[in-house]
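The values are calculated or read from the model by the stated rules, or taken from the named source; none is laboratory data. Remember, predicted model here, so these are calculated numbers, not experimental data. Every residue, glycine as well, gets a Cβ built from its backbone with ideal geometry; the counts of neighbours run over all protein chains shown. To get the accessible areas, we keep the full protein, side chains included, count just its heavy atoms, and leave off ligands, DNA and RNA. Shrake-Rupley method; radii C 1.70, N 1.55, O 1.52, S 1.80 Å.
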Amino acid sequence: MALGVFALTQPGAVFAAAFERGRGPGGGRAGYGQSMNNSASGTGTALTALSTAEKDALNQAILEEYGAYNLYKSAIAQVGNVYPFSQIVRAEQQHINALTRQATKYGVTVPANPGLTTSPSFATLSNACKAGAAAEIADAALYDQLKLVVTHSDILQVFN
């Protein structure tokens, strides 16, 4: 999740701002709870198939979020269930859920979480925060690239 790097430095303000930006009319999360086959006028609409590049982008995003989630779970295991990790790991899970809903909606096979491929070692909370910040910078760069090949606004909304 791209906000994670900021959450490591200013967590309270950033989380509040992120959740406010994500709210739609009436205070609900924009795009959540809406039928995928209904347009604003209430008539049914068919989903437009994803291109191969869009399917690949969705899978890359899911795998990236798994990696971030696994990193934060590892940090929690080593330095404790402390702030900001206790908050960020939940945000990563929510982003995984949103991405997998999109994949399911479009008939894209959701990749399995590979778990940690390496076992990072965090001697201090500060070291874990530095690793998290680096991961979030890489995450933002990946999403900048993935957004270039996606034309479906619902997927772009989740990417953003």
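Specify which of the listed residues (Thr124, Thr104) is among the β-branched types (Val, Ile, Thr) and closer than 23 Å to Ser51 by Cα.
The conditions single out Thr104.
Pro84 passes all but one of (1) touching a Leu at 6+ places or on another chain (Cβ under 6 Å); (2) at pLDDT 95 or above; which number fails?
If we test Pro84 against (1) touching a Leu at 6+ places or on another chain (Cβ under 6 Å); (2) at pLDDT 95 or above, just (2) comes out false.
How many residues are open to solvent by less than 60 Å² (accessible area, probe 1.4 Å) and touching a residue at least 60 places away in the same chain (Cβ under 8 Å) if we restrict to the stretch 82-95?
Number satisfying all stated conditions: 5.
Table: residues versus (1) open to solvent by 20 Å² or more (accessible area, probe 1.4 Å); (2) under 17 Å from Tyr66 (Cβ atoms); (3) in contact with a strand residue (DSSP E or B) (Cβ under 9 Å, 6 or more places away or on another chain).
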residue: Asn97; (1), (2), (3): yes, yes, no
residue: Asn113; (1), (2), (3): yes, yes, no
residue: Pro120; (1), (2), (3): yes, yes, no
residue: Ala128; (1), (2), (3): no, no, no
residue: Thr151; (1), (2), (3): yes, no, no
residue: Gln157; (1), (2), (3): yes, no, no
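Right, Ala135: surrounded by 15 or more Cβ atoms within 10 Å (Cβ to Cβ) and not polar (S, T, N, Q) or not?
Yes, satisfied.
Do any helices (runs of 4 or more DSSP H) entirely within the stretch 52-160 hold 3 or more residues that are in contact with a Phe, Trp or Tyr (Cβ under 8 Å, 6 or more places away or on another chain), and if so, which?
Counting at least 3 such residues, we get 52-79, 85-105, 125-146.
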